[in-house]
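In what follows, a single structure is set out as structure tokens and then discussed.
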Amino acid sequence: MKIDGVEVVIEGSGLPIVLLHGWPDTHHVWDGQVAALKGQYRCIRFTLPGFERGSARRSHTLDEIVALIHKVVEQVAGGPAMLLLHDWGSFFGYQYALRHPAQVRRIVSVDIGDAGSPRHVAELSAPAKAFTVGYQVWLALAWRVGGGVGDGMARWMARRAGARSDFDRITANMGWPYDQQWFRGGFHKAQLFRPSCPMLFIYGTRKAFMFHSSAWVAEVGARPGSAVLALPTSHWVMCDAPAEFNAAVIDWLAR
């Protein structure tokens, strides 16, 4: 089905799980997880606006993306749902959970914690801070350049970042969140996320730097019903170690 022009893919039956991806991916990044989960859960996913090849080239506000997620949860999930999140999907999913806590049963988030918070920034080395600014501004500029040159810029950065995506699907249009962040005033309504529901946080340890602070991980792990799992992978944990990742998610959801 389509909601606000966005195609929503539904597979399986059971309690609903909404899967949200990040850069430079599409809903296909979750193929392995849907195959493992759809026998027990109703998997609902879509590609973020602007991330689908050939989609309209425009920026979006935080309110627009949260409203889209809310419509998917209400109209497709039919009520409270679980969230499986990664990268920008974690950012947008967190903000949705903060605004609509009654609509979120549980959260599984991959590799993104309190990224950008003062305590996270304080733990980053100078090279990590420089790289963070560099790749984000590069992708924002790729979005502004657009066309074949912009696409080439985006794919170059994806290769440098070790993305596990289908590179034929990567375009400069996927960079609109970075353009919004750096050149359009940022997502100023965003709030620091602290889960009010059970949460499983899974992150990769084979990266140049982390996207969470040590304090945030400790807080999540200490919450009743929540858990933290570190795996020897890159930022794309579910792609690098699908068997371990899927088993951990299925086990935690079954508790």
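What follows draws every value from the coordinates through simple rules; no lab data is involved. This one's a predicted model, so the numbers in the text were calculated from it and none came from an experiment. No Cβ is skipped: glycine too gets one built from the backbone with ideal geometry, and neighbour counts run over all protein chains shown.
Place a +1 charge on the Cβ of each Lys and Arg in the chain and a -1 charge on the Cβ of each Asp and Glu, then give the dipole magnitude about the Cα centre in debye, rounded to the nearest 20.
Using Cβ point charges on Lys, Arg, Asp and Glu, the chain gives about 280 debye.
Express in % the proportion of alpha carbon pairs of region 119-255 at distances exceeding 24 Å. Beyond 24 Å sits 44 percent of the P(r) for region 119-255. Taken over region 84-166, the ratio of Cα radius of gyration to 2.2 N^0.38 Å equals 1.31. Per residue, the convex hull around the alpha carbon atoms of region 1-153 comes to 128 Å³. Please tell me the relative contact order of region 107-254 in percent, rounded to the nearest whole number, where contacts are Cα pairs under 8 Å and at least six residues apart. For region 107-254, the relative contact order is 31 percent.
In the chain, one over the average inverse separation of all distinct C-alpha pairs is 18.3 Å, which is the Kirkwood hydrodynamic radius.
Could you work out how far the C-alpha centroid of region 78-116 sits from that of region 1-35, in angstrom? Going from one Cα centre to the other spans 14 Å.
Judged by the ratio a/c of the largest to the smallest principal axis of the C-alpha gyration tensor, region 27-101 counts as oblate, that ratio being 1.5 or greater while a/b is no larger than b/c.
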